[in-house]
Every structure is written in structure tokens, then in C-alpha cells.
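Taking it in order: structure first as C-alpha cells, then the write-up.
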Amino acid sequence: MASLNVGNLGEYLREQRRTAQLSLRQLAEAAGVSNPYLSQIERGLRKPSAEVLQQVAKALRISAETLYVRAGILDEREREELETRAVILADPSINERQKSVLLQIYASFRKENGFEDEPVDSADEEGRASGADAPFSADGGAADTDTGSKPSKPSH
């Protein structure tokens, strides 16, 4: 069987499996794939689907996006952008409006630096530059959306 251009992926998977101190059989079982199939992936003989990579990543407790990049399914810049967005969206310390604003700012910086983005929010082309939800005032400073009292830190 001719080797596909996935050797880098296979070597990386083997390294991650060994770091996790898992045998090939243990990882195959945890990922829900056959032992011979996983062996072929590690040797660069098979190119796994995104679904299989996701299962393997979950079993190894590593980022599926990293495996997608190594397999050539996802571009490195796309992975970084997805991870940045995922971290913002998963942060429990900020509310949904704040997450939306952060994503809009992030997208505008990427666009300014030459990376075209899909629109984050279909709200309004101006990025809600006016109105009660606007995070910035007309002079570019933070808008005063406070009702006069300082927010208190949550007590633990």
C-alpha cells in the first residue's frame, strides 16, 4: 500500500499516544476505531475522516483542530481563528452581549490586518455603532452604559 502524504499526522498521533501512555489497542478502543485502522493511520497509510480525527482527539484529550491541520483538512490560520472564537464563546465570566462585541472587534482587527472574515453577527453592517448596546461612544472611548453604580465582584 503506497504511503499517502499523512505521515506527519501519523507520527504526531503516535507521539501523542505515547505521551498519554496508551497502547495502540487502548487508543483504538477509546476512539471507537479498529486497532489495524489506527495502526495504518499512524504509519501514514490511511487518511482518516474528520469524524475519526475528532474521536481520536477526544480520546487523547487534545484539540481536534490541531489534528485537522496536520491532516490538511484545516488551514493553520483557520484553526487559530476557530480556537480564539471558541475561547471567547466558552468564557462564563462574560455575558452574551459582551461575547458578541468581542467577536466583532476581533473580526474587525483581522479584516484591518488583511484577513477576510465571515461576518460574526448579522446584526447591522455598522457593528451597532449607535444605540443603547453600543460598546463605544462617538469619540472611540468606552460608552457609559453603567446606571451609576459600580458592578460588584461576585463573592465566593
Subject >> Sole exception among (1) without any contact (Cβ under 8 Å) to a residue 24 or more places away in the chain; (2) in contact with a Gly (Cβ under 6 Å, 6 or more places away or on another chain) for Ser34, by number >> reply: (2)
Original post:
Failed condition for Ile73, given (1) open to solvent by less than 50 Å² (accessible area, probe 1.4 Å); (2) closer than 30 Å to Leu103 by Cβ; (3) not in a helix (DSSP H, G or I), with all others met?
Top reply: (1)
Original post:
Can you tell which of Glu51, Glu42 is in contact with a Lys or Arg (Cβ under 8 Å, 6 or more places away or on another chain) and of a type in the set (Asp, Glu)?
Top reply: Glu42
Original post:
List pairs: first in region 94-117 and under 15 Å from Glu80 (Cβ atoms), second of a type in the set (S, T, N, Q) and not in a loop (DSSP other than H, G, I, E, B), Cβ under 8 Å, 6+ apart or cross-chain?
Top reply: Tyr106/Thr84
Subject >> Only listed residue being buried (at least 16 other Cβ atoms within 10 Å of the Cβ) and touching a helix residue (DSSP H, G or I) at 6+ places or on another chain (Cβ under 8 Å), chosen from Thr66, Thr84 >> reply: Thr66
Original post:
In region 45-63, what count of residues is obtained for those that are open to solvent by less than 40 Å² (accessible area, probe 1.4 Å), assigned to a helix (DSSP H, G or I) and touching a residue at least 24 places away in the same chain (Cβ under 8 Å)?
Top reply: 3
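What do you reckon, is Pro154 open to solvent by 50 Å² or more (accessible area, probe 1.4 Å), outside any helix (DSSP H, G or I) and modelled with pLDDT under 80? Explain how you work it out, then say what you get.
On the way: open to solvent by 50 Å² or more (accessible area, probe 1.4 Å): yes; outside any helix (DSSP H, G or I): yes; modelled with pLDDT under 80: yes.
Spelling it out, Pro154 is indeed open to solvent by 50 Å² or more (accessible area, probe 1.4 Å), outside any helix (DSSP H, G or I) and modelled with pLDDT under 80.
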Original post:
Could you say whether any residue in region 30-43 is of a type in the set (A, V, I, L, M), open to solvent by 40 Å² or more (accessible area, probe 1.4 Å) and part of a helix (DSSP H, G or I)?
Top reply: yes
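The values are calculated or read from the model by the stated rules, or taken from the named source; none is laboratory data. Since this is a predicted model, take the numbers as computed values, not measurements. A quick note on method: Cβ atoms are made from the backbone with ideal geometry, for glycine too, and the neighbour counts reach across all protein chains shown. In case anyone asks, the SASA skips ligands and DNA or RNA and just uses the protein heavy atoms, side chains included. Shrake-Rupley method; radii C 1.70, N 1.55, O 1.52, S 1.80 Å.
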